[in-house]
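Visitor: Supplied in structure tokens, the structure appears directly below.
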Amino acid sequence: MINLLWLLLPVAAAAGWFAAKRNSKKHPEAFWDYSSQFHAGLNVLINDTQDKPDQLFSEFSTIDNGTADTHLALGNLYRRRGEMDRAIVMHQSLVDNNDLDKDIRAAARYELARDYDAAGLLDRSEKVFKELLASGERTNDAYESLMQLHERERDWATAIKLAEESESVTGESRPGLVAHYYCELATEALASGYTEEAITLLAKAQSDGADGARANLMLASLAYDNSDYSKAITNYERVEQQRPELMPEIITPWFESLSRIQDEAALRRFLEQLRGRKNAYSVIRSARTVIESLDGTGPADAFFIDQILKRPSLKGLRDWAQDQLDKSKPEERDKVQIMCAMLDRVVEDKPGYQCSSCGFSGNEFHWRCPSCGNWDSVHTIIGAEGE
Ligand SMILES: [Zn+2]
């Protein structure tokens, strides 16, 4: 009951305030009537004397334009609590009420579609969202929800159609979204062995008007897998220009491609570029290995120290401590080992990626956040605790 109270209070208070505000424009005295009823309901809730929120608000037996917001909010509350049948009944009753304003009924229809969606009744949800589109109500929201519905179903072809239709109807573009859909289709084509089809889909992704980094990264990986290292390098360069934050994702195959074309001058030019920058730790570590293979341990260690001092990080400290362990005298070894073990634990517990929308964190990069479903919101954690 306490949990319910915390959930309900802000929703009910906001709904009550808006409803009262609307009523008070027409009948100032109605504010006080409404307010006393509303607070009576809250009082019952606070005293935990009843089990169901609709009983608490039984004073609102008549739904009108003044009380509809509260019923709308109550329906949403039921949905959040997982009581889909109640949410659907509440919202459907508002949709069916011809005495209510058109915008209130449209809002209720939108919430009803979300109820069906949350209940897993996707056919019904899609039908109601399409009714909104047909009537020209809540168009942006309906397109957005329909696209998300088809994203979850991994029906990328329909999602592309909806995104294009949405842009032509509402004039609102969603940069990069269609490119992601084409990249998803290309990923599926590659998984089925249809490489040519995947390349065609990636070309479409590149023409979406967004930066095309994901498509270029996929084309780079394809070229790398086909041992076309020059082409892979060209695409890695594009990815780096478009999304420098993706360097940790591409640095290893990029170095490998440069090694495979056996153009040592190109490899050294690339290392010189990196030397002049502050780099992500994955880049520092990979470059150190390459320098060691070219020039030996001394220059590699010097590069490493210079870079981790330019951009200190826990990962850098952990690897530096490991170096000290290898060089330590027998009498110091135990102490250094303890320090290394502690740093290992600290680094292990740090996630590498975080979603800027919902805070989800993990150790794998995602183009679409697995928690909130937003695209391009999962980023490499930069700074002392990350890269
Ligand atoms: Zn998220």
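All of the numbers you see were taken from the coordinates with simple rules; none came from a lab. Please read all numbers here as calculations on a predicted model, not as lab measurements. All Cβ positions, even for glycine, are placed from backbone atoms using ideal geometry, and neighbour counts span all protein chains on display.
Visitor: Please work out the FRET efficiency for the pair D301 and A157, using the Cβ-Cβ distance as r and a Förster radius of 45 Å; give the result to the nearest 0.05.
Guide: Using R0 = 45 Å, I get an efficiency of 0.25.
Visitor: Separate question: About the Cα centre of the stretch 254-387, how large is the charge dipole given +1 on each Lys and Arg Cβ and -1 on each Asp and Glu Cβ? Please answer in debye to the nearest 20.
Guide: 320 debye
Visitor: From Cα pairs below 8 angstrom and at least 6 apart in sequence, can you work out the relative contact order of the stretch 244-387, rounded to a whole percent?
Guide: 20 percent
Visitor: Which of the three applies to the stretch 276-387, rounded, prolate or oblate, going by the alpha-carbon gyration tensor with a ≥ b ≥ c and a/c under 1.5 meaning rounded?
Guide: It is oblate, given that a/c is not under 1.5 and a/b is not larger than b/c.
Visitor: Cross-link list K127/K161; K204/K231; K310/K335; K102/K161: which exceed 21 angstrom alpha carbon to alpha carbon?
Guide: Pairs exceeding the cut-off: K310/K335; K102/K161.
Visitor: At a 10 angstrom cut-off on C-beta neighbours, averaged per residue, how do the peptides 164-171, 111-118 rank from highest to lowest?
Guide: Listed from highest to lowest mean packing, they are 111-118, 164-171.
Visitor: Across bins of 10 angstrom width beginning at 0, how are the C-alpha pair distances of the stretch 111-176 distributed, in whole percent?
Guide: In whole percents, the pair-distance histogram is 23, 57, 21, 0.
Visitor: Something else: For the stretch 175-262, what is the Kirkwood estimate of the hydrodynamic radius, computed as the reciprocal of the mean inverse distance between distinct Cα atoms, to one decimal in Å?
Guide: 12.9 Å
Visitor: Moving on to the next point. Could you name the aspartates and glutamates whose alpha carbon sits less than 20 Å from that of K278, not counting residues in the same chain fewer than 8 places away?
Guide: Reachable aspartates and glutamates: E237, E240, E245, E249, E292, D301, D306, D319, E385, E387.
Visitor: Could you tell me the calculated FRET efficiency between I382 and A341, based on Cβ-Cβ distance and R0 = 25 angstrom, to the nearest 0.05?
Guide: Working from the Cβ atoms, E equals 0.45.
Visitor: Which whole-Hz couplings ³J(HN,Hα) result when phi for each residue of the stretch 165-179 is put into the Karplus expression 6.51 cos²θ - 1.76 cosθ + 1.60, θ = phi - 60°, listed in order with x for Gly and Pro?
Guide: Residue by residue, the stretch 165-179 yields 5, 4, 5, 6, 7, 9, x, 9, 9, 10, x, x, 5, 5, 4 Hz.
Visitor: Gain in length, A118 to Q241, computed as 0.36 nm per residue apart minus the alpha-carbon separation, to one decimal in nm?
Guide: That works out to 40.3 nm of additional length.
Visitor: Roughly how many debye, to the nearest 20, is the charge dipole of the stretch 175-262 about its Cα centre, given +1 on each Lys and Arg Cβ, -1 on each Asp and Glu Cβ, and no other charges?
Guide: Approximately 140 debye in magnitude.
Visitor: Counting Lys and Arg as +1 and Asp and Glu as -1, what is the net charge of the other residues whose Cβ lies under 11 Å from the Cβ of Y353?
Guide: That sum, taken over residues with Cβ under 11 Å, equals -3.
Visitor: Determine the dipole magnitude for the stretch 267-311: charges of +1 sit on the beta-carbon of Lys and Arg, -1 on that of Asp and Glu, nothing else is charged, the reference point is the Cα centre, and the result goes in debye to the nearest 20.
Guide: Here the stretch 267-311 has a charge dipole of around 280 debye.
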